[in-house]
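Since the structure comes first, as structure tokens, the remarks are kept for the end.
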2 protein chains.
Amino acid sequence: MINTLIEKIKKTNAPIVVGLDPMMNYIPEHIQKKAFAEYGETLKGAAEAIWQYNKGIVDAVYDLIPAVKPQIAMYEQFGLPGVEAFQKTVDYCKEKGLVVIGDIKRGDIGSTSEAYAVGHLGKAMVGSQALYGFNEDFVTVNPYLGSDGVKPFIKVCKEEKKGIFVLVKTSNPSSGEFQDRVVDGKPLYELVGEKVAEWGSECMGDSYSYVGAVVGATYPEQGKILRKVMPKTFILVPGYGAQGGKGADLVHFFNEDGLGAIINSSRGIIAAYKQEKYAKFGSESYADASRAAVLDMREDIAQALASR
Amino acid sequence: MINTLIEKIKKTNAPIVVGLDPMMNYIPEHIQKKAFAEYGETLKGAAEAIWQYNKGIVDAVYDLIPAVKPQIAMYEQFGLPGVEAFQKTVDYCKEKGLVVIGDIKRGDIGSTSEAYAVGHLGKAMVGSQALYGFNEDFVTVNPYLGSDGVKPFIKVCKEEKKGIFVLVKTSNPSSGEFQDRVVDGKPLYELVGEKVAEWGSECMGDSYSYVGAVVGATYPEQGKILRKVMPKTFILVPGYGAQGGKGADLVHFFNEDGLGAIINSSRGIIAAYKQEKYAKFGSESYADASRAAVLDMREDIAQALASR
């Protein structure tokens, strides 16, 4: 799947992933109204609104991008109907030919991590049947529990030719609280990065590993270091746009081959119509605003890479 | 909710939580057969089997214990129908008067952590309605992302009078890979423990905080240290029984008041009928074996506490 992702990045010339992280206050009123008219102001109504909103965006941008990253928290907040909307979104994006990165940040121990891996990437055995659950292409994984928590994911990745992105240095302001603490002269995130490179060496695609890393756009200096620590690791970079990252901050996340990183933008794309820059589209044409924002982001990154 | 949990522990004289972590190979054949006859060898069939299995156990032990801890990974492995079985299990256990600890090990940043908190503990706004999602009483939280990731949970805990257990030192063999690394002369888990105590001081129940910690039974020495670092923190202790922890290892997790810890057993209780000790019950009476195992566990812990 890492090979597929890279192919699609080359084809679209866009190392971009759109974060499908729907919040109720992003969703245009006409969509909310319609969903509530059908299902009431219920969890089902919210789930329907999320799904229609996502579908509009995906239809408007799928030809421009290689991948999407639905953040499952935004679906879980609406309970079971929300999780149903997550599944629908995953399925629809795959139909549209997109690589789906489930941003689930799971991580547990042994058989429990295996259950997450099976449910999100692999197949569960039910009697004599092997059945897919959520069936994303990649998922994000939290490393706090160590190798026991990560290796069951890698096992399933090998079987399914799928991949993971392990949290190394996250984009949030307090990410340093534990991740930057110095151990044997090195920050913890660097140790985690070394482990990611080690885990990744066990399952290589053509040029990059199935085991990727998450490093926030908001920490370009750390990105520079981690790029060297993990040369064969694809880096998923959140924090572009709304969280403050710019194209110029991102060049060090890429390798000389122009690959090795994929930049996520969520709010900046899916709620673009709320920005002054794209306000002309209006809320009815929110998806066209998203398309314009993807084109601008592609240009911003291409320019930054060209002028490095 | 921490007050409620403590009351129930006193009433049952059992600082015990039963981990409802159903694996297909734990589920007696008669339950699987019936579920598959109704729904086929499908995810729905698996979910039905899990739910019936859980119900049998809960009916057999609910009067002996204060709380249950369903591990959501074991449900997610069966996709959406599995998550539906999780919700049914949560709802049923609450009906039976049990405190429900959702073992979800979530953790993300800012608004995303808030979405998890809202979905699992609090209420989501849908139009003018505030609606509960999964509605557990407690959840487990991963601290790798720092305060940004934990505080949104605490905010919802304050509103809802619910609680969290933050991963500090996990029970698995490789938990030391990152958690034991020494920072400024102290292992990382101790720094996380200090943070848990700090976060917890913001929202106290009568004698313990709404913010608890997870520390594995398999690390009694670390438990002893952490007990002192976090004196007002309730510690959720996994790893009893099948993972190797014994009653005698657990005494240091408790405070002088005989409180401050709640011990989880999953496989040791729910699959007790598979152990030689309880084989006489047979698979048809698997739930009676679970009841006997709870009684033995209660006795083991009481004896260990009495003889310290």
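The values are calculated or read from the model by the stated rules, or taken from the named source; none is laboratory data. These numbers come from a predicted model, not from an experiment. Positions of Cβ are generated from backbone atoms using ideal geometry, with glycine treated the same way; all protein chains shown enter the neighbour counts.
Any residue at all in the range A:124-134 that's of a type outside the set (Gly, Ala, Ser), free of Cβ contacts under 8 Å to residues at least 60 places away in the same chain and assigned to a helix (DSSP H, G or I)? Within the range A:124-134 (the criterion being of a type outside the set (Gly, Ala, Ser), free of Cβ contacts under 8 Å to residues at least 60 places away in the same chain and assigned to a helix (DSSP H, G or I)), the answer is no, since none of the residues qualifies. Of all residues in the range B:208-225, those that are out of contact with any Pro (no Cβ under 8 Å at 6 or more places or on another chain), closer than 14 Å to B:Ser171 by Cα and aliphatic (A, V, I, L, M) total 2. Taken over the range B:248-298, residues that are at pLDDT below 95 and either in a strand (DSSP E or B) or of a type in the set (Asp, Glu) (or both) amount to 3.
Quick check on my filter: what residues within the range A:112-122 are within 11 Å of B:Phe78 (Cβ to Cβ) and touching a residue at least 24 places away in the same chain (Cβ under 8 Å)?
Quick first cut of the range A:112-122, residues within 11 Å of B:Phe78 (Cβ to Cβ) only: A:115, A:118-119.
A:Val118, the sole residue that qualifies.
When A:Lys155 is tested against the conditions (1) closer than 30 Å to A:Asp288 by Cβ; (2) more than 7 Å from chain B (Cβ to nearest Cβ); (3) out of contact with any Lys or Arg (no Cβ under 9 Å at 6 or more places or on another chain), the lone failure is (1).
Going through the range B:1-30 one residue at a time, which ones are closer than 30 Å to B:Ile154 by Cα and within 14 Å of chain A (Cβ to nearest Cβ)? Walk me through how you get there before you give the answer.
Pass one, the range B:1-30, residues closer than 30 Å to B:Ile154 by Cα: B:1-22.
If the condition is that a residue be closer than 30 Å to B:Ile154 by Cα and within 14 Å of chain A (Cβ to nearest Cβ), then B:Gly19, B:Leu20, B:Asp21, B:Pro22 are the ones that fit.
Of all residues in the range B:173-187 being surrounded by fewer than 22 Cβ atoms within 10 Å (Cβ to Cβ) and in a helix (DSSP H, G or I), which is farthest from the chain's Cα centre (by Cα)? Steps first, please.
Applying the first criterion (surrounded by fewer than 22 Cβ atoms within 10 Å (Cβ to Cβ)) to the range B:173-187 yields B:173-174, B:176-177, B:180-187.
After this cut, where a residue has to be in a helix (DSSP H, G or I) as well, the list is B:173-174, B:176-177.
Numbers: B:Pro173: 19, B:Ser174: 20, B:Gly176: 21, B:Glu177: 23 Å.
In this case the residue turns out to be B:Glu177.
When every residue of the range B:212-220 is checked against the conditions, none turns out to be part of a helix (DSSP H, G or I), closer than 18 Å to B:Val17 by Cβ and modelled with pLDDT under 95. Just one of the numbered conditions (1) within 19 Å of the chain's Cα centre (by Cα); (2) in contact (Cβ under 8 Å) with a residue 40 or more places away in the chain; (3) within 11 Å of chain B (Cβ to nearest Cβ) is not true of A:Phe165: (3).
The lone criterion from (1) part of a strand (DSSP E or B); (2) aromatic (Phe, Trp, Tyr); (3) within 30 Å of A:Gly45 (Cβ to Cβ) left unmet by A:Phe165 is number (3).
Given the structure, is A:Val139 closer than 30 Å to A:Thr218 by Cα, outside any loop (DSSP other than H, G, I, E, B) and touching a residue at least 40 places away in the same chain (Cβ under 8 Å)? No; evaluated as a whole, the condition is false for this residue. Residues in the range A:269-280 that are closer than 29 Å to A:Ile2 by Cα and either surrounded by fewer than 18 Cβ atoms within 10 Å (Cβ to Cβ) or touching an Asp or Glu at 6+ places or on another chain (Cβ under 8 Å) (or both): A:Ile270 alone.
Of everything in the range A:232-247, what is modelled with pLDDT of 95 or more and polar (S, T, N, Q)? Give them in sequence order. Walk me through it before giving the result.
First pass over the range A:232-247, keeping only residues modelled with pLDDT of 95 or more: A:232-237.
Within the range A:232-247, just A:Thr233 meets the criteria.
Scan the range B:54-103 residue by residue and report those that are in a helix (DSSP H, G or I), under 23 Å from B:Ala289 (Cβ atoms) and away from every other protein chain (no Cβ under 14 Å). Residues satisfying the conditions are B:Asn54, B:Lys55, B:Gly56, B:Ile57, B:Val58, B:Asp59, B:Ala60, B:Val61, B:Tyr92, B:Cys93.
Being in contact with a strand residue (DSSP E or B) (Cβ under 8 Å, 6 or more places away or on another chain) and surrounded by fewer than 18 Cβ atoms within 10 Å (Cβ to Cβ) narrows it down to one of B:Ser266, B:Ser201, B:Ser283, B:Ser207, so name that one. Reasoning before the result, please.
On the way: B:Ser266 fails: surrounded by fewer than 18 Cβ atoms within 10 Å (Cβ to Cβ); B:Ser283 fails: in contact with a strand residue (DSSP E or B) (Cβ under 8 Å, 6 or more places away or on another chain); B:Ser207 fails: in contact with a strand residue (DSSP E or B) (Cβ under 8 Å, 6 or more places away or on another chain).
Being in contact with a strand residue (DSSP E or B) (Cβ under 8 Å, 6 or more places away or on another chain) and surrounded by fewer than 18 Cβ atoms within 10 Å (Cβ to Cβ) holds for just one of B:Ser266, B:Ser201, B:Ser283, B:Ser207, which is B:Ser201.
Screening B:Ser111 against (1) under 20 Å from the mean Cα position of the chain (by Cα); (2) under 26 Å from A:Tyr39 (Cβ atoms); (3) modelled with pLDDT under 95 leaves a single unmet condition, (1).
Taking the conditions exactly as written (crowded, with 24+ Cβ neighbours inside 10 Å, small (Gly, Ala, Ser) and in contact with a Ser or Thr (Cβ under 8 Å, 6 or more places away or on another chain)), does B:Gly133 satisfy them or not?
Working: crowded, with 24+ Cβ neighbours inside 10 Å: yes; small (Gly, Ala, Ser): yes; in contact with a Ser or Thr (Cβ under 8 Å, 6 or more places away or on another chain): no.
Spelling it out, it is not the case that B:Gly133 is crowded, with 24+ Cβ neighbours inside 10 Å, small (Gly, Ala, Ser) and in contact with a Ser or Thr (Cβ under 8 Å, 6 or more places away or on another chain).
Spot the failing condition for A:Val237; the list is (1) closer than 24 Å to A:Ala49 by Cβ; (2) crowded, with 16+ Cβ neighbours inside 10 Å, and only one is missed. A:Val237 satisfies every listed condition except (1).
When you check B:Gly223 against the structure, is it under 16 Å from B:Asn264 (Cβ atoms), buried (at least 18 other Cβ atoms within 10 Å of the Cβ), touching a strand residue (DSSP E or B) at 6+ places or on another chain (Cβ under 9 Å) and more than 13 Å from chain A (Cβ to nearest Cβ), yes or no?
Values: under 16 Å from B:Asn264 (Cβ atoms): yes; buried (at least 18 other Cβ atoms within 10 Å of the Cβ): yes; touching a strand residue (DSSP E or B) at 6+ places or on another chain (Cβ under 9 Å): yes; more than 13 Å from chain A (Cβ to nearest Cβ): yes.
Yes.
Within the group B:Thr89, B:Thr170, which residue is touching a Gly at 6+ places or on another chain (Cβ under 7 Å) and of a type in the set (Val, Ile, Thr)? Step through it out loud before you land on a result.
Working: B:Thr89 fails: touching a Gly at 6+ places or on another chain (Cβ under 7 Å).
That would be B:Thr170, the only listed residue that is touching a Gly at 6+ places or on another chain (Cβ under 7 Å) and of a type in the set (Val, Ile, Thr).
Would it be correct to say that B:Ile101 is within 16 Å of the chain's Cα centre (by Cα), in contact (Cβ under 8 Å) with a residue 12 or more places away in the chain, crowded, with 24+ Cβ neighbours inside 10 Å and farther than 13 Å from B:Val156 by Cα? It is true that B:Ile101 is within 16 Å of the chain's Cα centre (by Cα), in contact (Cβ under 8 Å) with a residue 12 or more places away in the chain, crowded, with 24+ Cβ neighbours inside 10 Å and farther than 13 Å from B:Val156 by Cα.
Which ones in the range A:104-130 are within 9 Å of another protein chain (Cβ to nearest Cβ), surrounded by fewer than 24 Cβ atoms within 10 Å (Cβ to Cβ) and in contact with a strand residue (DSSP E or B) (Cβ under 7 Å, 6 or more places away or on another chain)? Listed by number, the list holds a single entry, A:Ala124.
Checked against (1) farther than 23 Å from A:Phe134 by Cα; (2) more than 7 Å from chain B (Cβ to nearest Cβ); (3) out of contact with any Ser or Thr (no Cβ under 9 Å at 6 or more places or on another chain); (4) among the charged types (D, E, K, R), A:Arg181 meets all criteria but (2). For the range B:31-53, a tally of residues being facing chain A (nearest Cβ under 9 Å) and either polar (S, T, N, Q) or under 17 Å from the mean Cα position of the chain (by Cα) (or both) returns 2.
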